[in-house]
1. Criterion first (closer than 30 Å to residue 205 by Cα, out of contact with any strand residue (DSSP E or B) (no Cβ under 9 Å at 6 or more places or on another chain) and part of a loop (DSSP other than H, G, I, E, B)) does residue 119 satisfy it?
2. Kindly provide the set of residues from the stretch 76-101 that are within 18 Å of the chain's Cα centre (by Cα) and open to solvent by 50 Å² or more (accessible area, probe 1.4 Å), ordered by number.
3. Residues in the stretch 188-208: is at least one part of a helix (DSSP H, G or I), at pLDDT 95 or above and farther than 20 Å from residue 24 by Cα?
4. Can you pull out every residue in the stretch 125-148 that is open to solvent by 60 Å² or more (accessible area, probe 1.4 Å) and β-branched (Val, Ile, Thr)?
5. So which residues in the stretch 82-105 are closer than 12 Å to residue 175 by Cα and charged (D, E, K, R), if there are any at all?
6. Based on what the data block shows, is residue 104 open to solvent by less than 60 Å² (accessible area, probe 1.4 Å) and either in contact with a Cys (Cβ under 6 Å, 6 or more places away or on another chain) or in a loop (DSSP other than H, G, I, E, B) (or both)?
7. Give 151, 185 a once-over and let me know the one that is within 21 Å of residue 25 (Cβ to Cβ), of a type in the set (A, V, I, L, M, F, W, C), open to solvent by 30 Å² or more (accessible area, probe 1.4 Å) and not in a helix (DSSP H, G or I).
8. Residue pairs, Cβ under 6 Å, 6 or more apart or interchain, first in the stretch 60-75 and free of Cβ contacts under 8 Å to residues at least 24 places away in the same chain, second of a type in the set (Gly, Ala, Ser). List them.
Amino acid sequence: MSSPDQSPPASPSRTRVWWEIGLVLACTLGQSAVYSVLAFLRIVLSRASVGSQSTALNPPQATQAFWDILYQLLDIGFSLALVGLVVYLLWDAGLSPFRRIGLDLGRPAGDLGAGVVLALVIGVPGLGLYTIGRLAGWTVQVQASPLDATWWTIPLLVLSALRAGLQEEVIMIGYLFTRLRQAGWRDWTIILVSAAVRGSYHLYQGAPQALGNFVMGLVFGWCYKRWGRVMPLVVAHTLLDVVSFVGYPLAAALWPGVFAPAPSPSPSAS
């Protein structure tokens, strides 16, 4: 007769699963989606055209170097703490949450190779979509990183990219797949819903970017369904953001009409 410690963990009730999903999303990317939708509505209702408006992804948080570094590190750390909380919620007795969603170093070469391929498949069309959206005036000008880079800029941008990769792929893929499967959802329904949420929290950048991220969510969801691992997705997402963040000053210098910050309106125009 097996001891209580050796018995398989009981599956949580559907009511508990839905409460947990709601609370997790309310504290993380669901909250971002709500604010992003509101930002999109403000953009659409504004008198200024969409293409003339801008948003910054990694703005400085203080004018003095020490405080800027400290605040940005704290922001990254607290975001990763929420990722840790989500992983903890997936921790059942006798079952590692990291193995459960494939967030481990068990296949380093395969995960790295798949991540690089995914980054290329998503990144090249994504850059083209953003460029077309900017030229057509459908996309907000996204300032991916400060143009006046300092010595601490690149390390912090790399950490920010890693934060985004872990936060989005662990929560939107690994966590949601696990819990929504327990709620009885089919995989393709989960993929569509997860991709829709991913697109919604990018709406503040404009409709084309939201569409691009929705497609990215479909591809990443399909890959997770096939591979059962989020690590390649984290690698791909991190690489995409590192290239976007670190390469932004160069892109702004080479193509200022597309990537440079939108000019501020003159006082007489307001």
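1. Working: closer than 30 Å to residue 205 by Cα: yes; out of contact with any strand residue (DSSP E or B) (no Cβ under 9 Å at 6 or more places or on another chain): yes; part of a loop (DSSP other than H, G, I, E, B): no.
Criteria not met by residue 119.
2. Within the stretch 76-101, the subset within 18 Å of the chain's Cα centre (by Cα) is 76-87, 101.
Those that are within 18 Å of the chain's Cα centre (by Cα) and open to solvent by 50 Å² or more (accessible area, probe 1.4 Å): 78, 80, 81, 82, 85.
3. To start, the set of residues in the stretch 188-208 that are part of a helix (DSSP H, G or I) comprises 188-200, 203-205, 207-208.
With the extra rule that they be at pLDDT 95 or above, the set shrinks to 188-200.
Going one step further and asking which of them are farther than 20 Å from residue 24 by Cα, we end up with 188.
Yes, the stretch 188-208 has at least one match.
4. Let us first name the residues in the stretch 125-148 that are open to solvent by 60 Å² or more (accessible area, probe 1.4 Å), namely 125, 127, 132, 135, 138, 147-148.
Scanning the stretch 125-148 gives a single hit, 132.
5. Result: 100, single match.
6. Working: open to solvent by less than 60 Å² (accessible area, probe 1.4 Å): yes; either in contact with a Cys (Cβ under 6 Å, 6 or more places away or on another chain) or in a loop (DSSP other than H, G, I, E, B) (or both): yes.
It is true that residue 104 is open to solvent by less than 60 Å² (accessible area, probe 1.4 Å) and either in contact with a Cys (Cβ under 6 Å, 6 or more places away or on another chain) or in a loop (DSSP other than H, G, I, E, B) (or both).
7. Values: 151 fails: within 21 Å of residue 25 (Cβ to Cβ).
From the options 151, 185, the qualifying one is 185.
8. Partner pairs satisfying both residue conditions: 71/62.
The values are calculated or read from the model by the stated rules, or taken from the named source; none is laboratory data. As the structure is a prediction and not an experimental result, all values here were calculated from the model. Backbone-built Cβ (ideal geometry, glycine too); neighbour counts: all protein chains shown. Side chains included, ligands, DNA and RNA excluded: accessible areas come from the protein's heavy atoms. Shrake-Rupley method; radii C 1.70, N 1.55, O 1.52, S 1.80 Å.
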